[in-house]
Every structure is written in structure tokens, then in C-alpha cells.
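The values are calculated or read from the model by the stated rules, or taken from the named source; none is laboratory data. Predicted model, so just to flag it, every value in this text is computed and none were measured. Here the Cβ positions follow ideal geometry from the backbone for every residue, glycine too, while neighbour counts run over all protein chains shown.
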Amino acid sequence: MSPVLLVENLAKSYGKNQAALSGVDLRVLRGETIVVTGPSGCGKSTLLRCIVRLISPDSGKIIVTGEDVTTLSYSQLLDVRRRIGFVFQNSNLIQRLTALENVCLPLLASGASRDDAEQRARRALERVGLAGSVIHRKPHHLSGGECQRVAIARALAPEPVLMLWDEPTASLDPILVEEVLDVMESLAKTGDTAMVIVTHEMKFALKAADWLILLDKGRIVEQGEPVKVFDCPESELGRKYSRLLDL
Ligand SMILES: Nc1ncnc2c1ncn2[C@@H]1O[C@H](COP(=O)(O)OP(=O)(O)OP(=O)(O)O)[C@@H](O)[C@H]1O
Ligand SMILES: [Mg+2]
């Protein structure tokens, strides 16, 4: 099976600072879930941003469904980005639109009819556990967890081949974190979408990830099936993470 995402030897430095990423390789197949973790500043967000070319890497390849995003023209890049869903730490919903309208928006922007957009948006909202009158509320009448689930539905609705998540639960209180992690786990375990999830939620990684990558100072220091990584870590950082998890 050809990978949905292939990253080879990726490197990125900001100015003269220490490299944010160096020699990073990644391979994600259809339906696979990869969790990327590591200490603050280790390059997690830089990796995700390079994949959609929100920032340009210094070197390396990033192949999304066969196309190298580092060499595409802007219009070709937009086309590839339409196949990728992005969920950020903050839901970034449009405050004057309802939940349903927020989810419809990217579908309408890519040419769907109003009826089709609404049907697909409702389906996506159902997948994150939102249905009924709640979908007609505006964000300030939703909880933080509901807002984040709307943001997940917005990313899911166009049926992306790849979803990138950057600490999707980091700004939620502990109760809401569980609610969003449950949705993420069910999405990770069903469907064909490949997922790269940046998170510090290691119990989630153990339950939902096919592969775990631990970054330290821009380099991969551990990778493998989560249980194996935590059972026999090879790096000092891996051992620290393993101890924290208290398996
Ligand atoms: N725009 C920028 N200009 C200069 N340095 C940057 C920029 N963005 C990130 N960096 C640096 O690059 C390194 C990697 O940053 P990045 O945001 O990718 O880390 P991260 O692992 O996502 O951290 P966090 O867990 O805090 O979100 C850090 O040392 C950071 O200070
Ligand atoms: Mg980050």
C-alpha cells in the first residue's frame, strides 16, 4: 500500500537557532494513527506546519498521496491542502455562525451545494456526537469541549485523506479533555483517514495509536508501537516518559 504521507529527511531551522527539525522521517498508511509527542519546543508543531507547507522546510521530502508538497505551485498546494484536515489547540470557530454553519463553510467554499454541504456537515457532527438543537447554537453557547468537537467535525466533513492534530485537548479542562479524547479514539479506530496527532496524552496514545514517535530537539529519539516504546525505551527521554506513565 502506498503511504498517504511520507516524510523523508526533513530539516528546518529558524534563523541561526538550533535546528527545529533534523532528519525526520515519517510514514503513514491509510487508516493509520500516529501520535507524535515530546517536550515543549522539540519541533512537533513545526513538523505539522511543514506538512501543509504553512512553513517551508529547508530540505527533505514531504509526499502527500504521491505529490511532493515542497515542490508544488501555490494552486497545486491548495488542492493538496483540501485533502488534509487540521485541528488546532483552539477551535477557531467563526463566532457569528452556528456550529452547523461553521462545519458547512469549507464544504461550500470548495463548491458543494447548500443541501449537500448541510447533509455532510450533519453527518460529520454526528460522528463527533453532536446532533439535535445543539448544532444550531453559536460557539459562545457551547462548552469548550463541544467547540472542539465542532472543529473536529469541520476538519472531518470534507473527508480528508489525512488529518493533522496539534494538541487538540491542550486548552480544555480535564473533564472536557476526556470527552474530546473519546471522540478522537473512535475516529482513530474507524474509517480510512490517516492521522498524525500531536498530543501529550500518553494513555490515549496507548489506546489509539498504531505508532508512537518521540521527538527531542528536532530528532526522533524513539518510535514504535506505543506499548513497546514504553516497555523498552532506548533514550533517556523515553525512559522519563515511561516512568511518568507508571505502567
Ligand atoms: N517562527 C519561529 N521563529 C523562530 N523560532 C521558532 C519559530 N517557531 C518555532 N520556533 C522554535 O523552533 C523550535 C520548535 O518549535 P515548535 O513550535 O515546533 O515546538 P513544539 O514541539 O510544537 O512546542 P510546544 O509543545 O510548546 O507547542 C522551538 O525551539 C521554537 O522556539
Ligand atoms: Mg506546538
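A few notes on this one:
- Strands (runs of 3 or more DSSP E) lying entirely in the stretch 138-247 (those with 2 or more residues that are at pLDDT 95 or above, within 14 Å of the chain's Cα centre (by Cα) and crowded, with 19+ Cβ neighbours inside 10 Å): 162-166, 194-198, 211-216
- Yes/no for Arg53 being touching a residue at least 24 places away in the same chain (Cβ under 8 Å) and either assigned to a loop (DSSP other than H, G, I, E, B) or surrounded by fewer than 14 Cβ atoms within 10 Å (Cβ to Cβ) (or both): yes
- Any chance Leu107 is more than 30 Å from Ser59 (Cα to Cα), in contact (Cβ under 8 Å) with a residue 24 or more places away in the chain and surrounded by 21 or more Cβ atoms within 10 Å (Cβ to Cβ): yes
- Selected residue (criterion: nearest to ligand 2 (Cβ to nearest atom)) from residues of the stretch 3-22 that are part of a strand (DSSP E or B) and within 16 Å of Ile213 (Cα to Cα): Leu21
- Residue match in the stretch 134-154 (condition: under 18 Å from Thr37 (Cβ atoms), more than 16 Å from ligand 1 (Cβ to nearest atom), touching a Ser or Thr at 6+ places or on another chain (Cβ under 6 Å) and not acidic (Asp, Glu)): no
- Residue check, Arg123 in contact (Cβ under 8 Å) with a residue 24 or more places away in the chain, away from ligand 1 (no atom under 15 Å from the Cβ) and out of contact with any Asp or Glu (no Cβ under 8 Å at 6 or more places or on another chain): yes
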